[in-house]
Amino acid sequence: MDKIDLKKRFKELYRASTREFCEIHVPTLTYLKVDGAGDPNSAAAYREAITWLYGVSYAVKFAAKALGQDYVVPPLEALWWADDPGSFVRREKETWRWTVMIPAPDIVTDAMFEAAAAKIGAKLGPRPVSLRFEPYAEGRSLQILHIGRYDDEGPTLARLHHEVMPGRGVTFNGPHHEIYLSDPRKTEAAKLRTILRQPIR
């Protein structure tokens, strides 16, 4: 059984220069999502959202495998936004709002998602109100690969906001997007690999 691997199918979405922002076109993909707000390091809702996302993602994967269609669960991703985009440069995490999400291949159906959510709910209790399975379109975007601690992203984002985007004559067209290519439980903070993406227009 060949596994579907979105990282291989959409290589350009998971690779980027570590020095310069590159422009890409992001196709519409379907994601499992949960919304929340506050500092991800201390908000209980953030930990709960991650637990649910991985639980449902793997339950869907196993359901697909039972039907003869296996796939690799892709990396965790998150959308981040705030009333003042500068709060990301200043790392004012208590003001942040977020959507954590994991993509799924097009073999996954709404019925498979609902069945998986019910299965995980039997273990974890009531599901997050915002848990959903839906398409997300970003289109034209700029992205770069950040290597290092999450809290060291500030200077790169400042360059994006104040130099790169004005220099290209573009502006924000959606939330800041991060793709976590490394597992922070197993990777030294200085070696974490994170795609930083900004939809533009």
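With the charge dipole of the chain set up from +1 on Lys and Arg Cβ and -1 on Asp and Glu Cβ about the Cα centre, the Cα lying farthest toward the positive end among the listed residues TRP98, PRO27, VAL73 is that of VAL73. Using heavy atoms of the protein chains and a probe of 1.4 Å, the accessible area assigned to HIS176 is about 20 Å².
In terms of overall dimensions, the C-alpha atoms belonging to the stretch 109-161 reach 45, 26, 18 Å along their principal axes, ordered largest to smallest. Legend: calculated FRET efficiency, TYR54 to THR171, from the Cβ-Cβ distance at R0 = 25 Å, rounded to 0.05, equals 0.15. Rounded to the nearest 20, the Cβ-based charge dipole of the stretch 75-157 about its Cα centre (Lys and Arg +1, Asp and Glu -1) stands at 280 debye.
Phi angles of the stretch 137-146 translate, via the Karplus equation with coefficients 6.51, -1.76, 1.60 and θ = phi - 60°, into HN-Hα couplings of 10, 10, x, 5, 8, 10, 8, 8, 9, 9 Hz per residue; Gly and Pro are given as x. Sequentially through the stretch 35-50, phi angles give Karplus couplings (6.51, -1.76, 1.60; θ = phi - 60°) of 9, x, 8, x, 5, x, 7, 10, 6, 4, 5, 5, 4, 5, 4, 5 Hz, Gly and Pro residues having no value and appearing as x. Under a model in which nothing but the beta-carbon of Lys, Arg (+1) and Asp, Glu (-1) is charged, the chain shows a dipole of about 480 debye around its Cα centre. Considering only Cα-Cα distances, which of the following residue pairs are longer than 27 Å: LYS65/LYS93; LYS11/LYS65; LYS65/LYS123; LYS8/LYS186; LYS123/LYS191? The answer is LYS65/LYS93; LYS123/LYS191.
Global dimensions of the stretch 1-139 from alpha-carbon coordinates: Rg and Dmax equal 16.2, 48 Å. Distant-in-sequence amide contacts of ALA37, defined by a placed amide H-H separation under 5 Å and a gap of 5 or more residues or a different chain, comprise TRP98. Grouping the Cα pair distances of the stretch 155-201 into 10 Å bins from zero gives a pair-distance distribution of 24, 43, 24, 9 percent in increasing distance order. Sequence-ordered 3J(HN,Hα) estimates for the stretch 69-79 from the Karplus curve with 6.51, -1.76 and 1.60 and θ = phi - 60° stand at 9, 8, 8, 8, 5, x, x, 5, 10, 8, 9 Hz, glycine and proline given as x. Multiplying the residue separation of LYS65 and PHE10 by 0.36 nm and subtracting their alpha-carbon distance yields 17.7 nm.
The helix-only estimate of mean residue ellipticity at 222 nm for the chain, built from DSSP H runs of length n ≥ 4 each weighted as -39500 (n - 2.57), is -8000 deg cm²/dmol after division by the residue total. In vacuo Debye scattering of the stretch 66-111, one point per C-alpha: log10 I(q)/I(0) at q = 0.28 Å⁻¹? One equal scatterer on each Cα of the stretch 66-111 leads to -1.04. Here the extension length gained between ARG159 and LYS3 equals 52.3 nm, from 0.36 nm per residue of separation less the Cα-Cα distance. Expressed in Å, the radius of gyration and Dmax of the Cα atoms of the stretch 92-191 are 17.6, 52.
The amide H of GLY139, built 1.01 Å from its N in the peptide plane, has VAL26 as neighbours under 5 Å, considering only residues 5 or more places off or on other chains.
Relative to the dominant Cα principal axis of the chain, helix 110-124 is inclined by about 90°. Across all Cα pairs in the stretch 11-68, the calculated P(r) in 10 Å bins from zero up to the longest distance comes to 17, 27, 38, 18, 1 percent per bin. In the stretch 31-100 the Cα-Cα distances spread across 5 Å bins starting at 0 as 4, 15, 23, 18, 15, 10, 7, 5, 3, 1 percent of all pairs.
The values are calculated or read from the model by the stated rules, or taken from the named source; none is laboratory data. Bear in mind the structure is a predicted one, so any value in this text is a computation, not a measurement. Counting neighbours? That spans all protein chains shown, and the Cβs are built from the backbone with ideal geometry, glycine included. We work out accessible area using only protein heavy atoms, side chains counted, and drop any ligands, DNA or RNA first. Shrake-Rupley method; radii C 1.70, N 1.55, O 1.52, S 1.80 Å.
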